[in-house]
Structures are given as C-alpha cells and as structure tokens.
Amino acid sequence: MKNKKITRKISQGMYVLTTNGGGCVVDAVSQISSGEAPLISVAVMNQNYTNELLKSHDKFALSVLGMDVDPEIIKTFGLQSMRDVNKFENMKVLEIEGIPVIENSLGYMVLEKVDSIMNDTHTLFIGKLVEADVFTDGEAMTYGYYQDHKEELLKIKTENGKTAWVCTICGYVYYGEELPEDFVCPICGVSRELFKKRL
Ligand SMILES: Cc1cc2nc3c(=O)[nH]c(=O)nc-3n(C[C@H](O)[C@H](O)[C@H](O)COP(=O)(O)O)c2cc1C
C-alpha cells in the first residue's frame, strides 16, 4: 500500500455516541438508508467500553457536535474511558427515550439497534432512527477540522524538558525518548507512525 493516509480525507462529522452507562466520541458515522426511519451505522472500536455496552443495549444516541463545541466534551468522551472515569459527572445531559444526550450539541438522533457486524478492530452497529431533534442550527464540526485544529482546540500541553510523543488522531501524550516498536495508542488504537515527537 503506497499511502494509507488518504483514508483520513474521507469526510466525517463529530458526534458523541451515548447509551445507558457510557459513551464515546465517534466520527465513523454514515447514513445507509433513507425514508421515515433511516438506518445509520457507526463503527465502534472493539476495545472501547462503549462497545461492550452496545452489545447488551438496544438503544443508543448520537449527539452532533458543532463548531462551537465545548472542548471538554471531546476530552471527556473522546480521550478517556468510562472504565476509568464517570463521563457524565460534570456533563449536562437530557434524557431522551431513556438515553442521555449531550445538551451542548446541535441536536441528536436516537437509534434502535437492528444489526451489528464485527471485524478485527471495530464493530459496525446499525440503528434505525426512532427519535431526533435539532437544538440549534449551527455548523457541524467535521473530523477534518478537528484534525487540523485539535492542538488549539484541546490545548494539548506537554511537560517541559521531557520528550513527548503526541497522537495526531486523539491527542494522547506518551513520554519517553522513543516509542516502543509495537506501540499502539491506548486511547484510539492507532499505530506508532501516527505519533509526532515534541521536545
Ligand atoms: C475525534 C475523535 C474521533 C473518534 N472516533 C471514533 C470512532 O469513530 N469510533 C470509535 O470507536 N472511537 C472513536 N474515538 C475514540 C473514542 O472516543 C475513545 O477511545 C474513548 O476514550 C472510548 O471511551 P470508552 O472506553 O468509554 O468507550 C474517537 C476519538 C476522537 C477524539
């Protein structure tokens, strides 16, 4: 393969996927049918706690993040695991159809799980739209915009005097002179080639 980075040009949005007991930031969302109750798919990493939850829950929601999103939402849901922190502790959520949705978002879709397909890294969960609303008509943040601006958005700071490796996908920071040969990001699962060195 000559350069897999071209796949990062696939245009995606930014969402918080929530279900009972957890959730995470996702960009791998697609509408795969139309009509009154369209089908929407979302690819969730097998290692994520959210994936475990989705196996046993029938409903989930996608909150659409706008350009004015509070970066704390991305940090809380995208850079931490519910295995370690309670992501809902300081988060304003509304309960819709029994599922928490993010108040500080452009709106939400509530989906009923109809199918799932697992591959070696992700599970594609397919849901049928059962409820949806628009909170505000702002511009949605794209994954490309997030990638280009995440340093300012998340204000990723590294400790002075230490060699740091920053994940260009999620902002995770690893300290050490070299990244281990078989290193993969513990947050988003990408390989070491996608880390940038910062001195
Ligand atoms: C911008 C961004 C996009 C992400 N996209 C996805 C995605 O599409 N699918 C996924 O499973 N994880 C994605 N993640 C990673 C999860 O949000 C992250 O691993 C989270 O900490 C998992 O939390 P959990 O263990 O509580 O489920 C993304 C993270 C960020 C910051």
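FYI, it's all coordinate maths here, none of it is from the lab. Computed from a prediction, not measured in an experiment: that's the story for all the values here. All Cβ positions, even for glycine, are placed from backbone atoms using ideal geometry, and neighbour counts span all protein chains on display.
Label zone (K155, point 7 Å along Cα-to-C-beta; backbone nitrogen cut-off 14 Å) within the range 63-83: 70-73, 75. With contributions of -39500 (n - 2.57) from each DSSP H run of at least four residues, the per-residue ellipticity at 222 nm computed over the chain stands at -4000 deg cm²/dmol. Please say if the chain is rounded, prolate or oblate, where rounded means a/c under 1.5 for a ≥ b ≥ c the square roots of the C-alpha gyration tensor eigenvalues, and otherwise the choice is prolate for a/b larger than b/c and oblate otherwise? Judged from the Cα gyration tensor, the chain comes out prolate (a/c at least 1.5, a/b above b/c). Peptides 141-150, 106-115, ordered by how many other C-beta atoms sit within 10 Å of their residues on average, highest first, read 106-115, 141-150. Local charge for K197 was computed over the other residues whose Cβ lies under 10 Å away, with Lys and Arg +1 and Asp and Glu -1, and equals 0. Tell me, what ³J(HN,Hα) does each residue in the range 42-50 have, in order and in whole Hz, if you take phi through Karplus 6.51 cos²θ - 1.76 cosθ + 1.60 with θ = phi - 60° and put x for Gly and Pro? Rounded to whole hertz, the list is 9, 9, 10, 4, 4, 7, 6, 4, 4. What the phi angles of the range 65-73 give under the Karplus curve with 6.51, -1.76 and 1.60, with θ = phi - 60°, is a coupling list of 8, x, 4, 9, 4, 6, x, 4, 5 Hz, glycine and proline written as x.
Using a ≥ b ≥ c from the Cα gyration tensor of the range 35-140 (square roots of the eigenvalues), is it rounded, prolate or oblate, where a/c under 1.5 gives rounded and otherwise the larger of a/b and b/c decides, a/b for prolate? It comes out oblate by the Cα gyration axes.
For the listed peptides 34-45, 152-163, 122-133, a ranking on the average number of other beta carbons within 10 Å per residue, highest first, reads 122-133, 34-45, 152-163.
Taking the range 1-95, which trypsin sites (Lys or Arg not before Pro) meet the DSSP loop condition and have no more than 16 other C-beta atoms within 10 Å?
Hits after loop and neighbour filter: K2, R83, K92.
For the listed residue pairs K5/K92; K55/K87; K155/K197; K4/K196, the alpha carbons are over 25 angstrom apart in K5/K92. Quick one: compute the contact order of the range 4-143, relative version, from alpha carbon pairs under 8 angstrom and 6+ residues apart, as a percent. Once divided by the residue count of the range 4-143, the mean separation gives 30 percent. If I model a spin label at E131 and S11 as a point 7 Å from the Cα along the Cα→Cβ vector, what separation in nanometres do I get? Placing both labels 7 Å along Cα→Cβ, they lie 3.1 nm apart. The K162 and I117 beta-carbon pair, evaluated with R₀ = 35 Å, returns a calculated FRET efficiency of approximately 0.25. Residue by residue, the range 184-199 carries 3J(HN,Hα) couplings of 10, 4, x, 8, 10, x, 7, 7, 4, 4, 8, 9, 10, 7, 10, 9 Hz when phi is fed to the Karplus relation 6.51 cos²θ - 1.76 cosθ + 1.60 (θ = phi - 60°); x denotes Gly or Pro.
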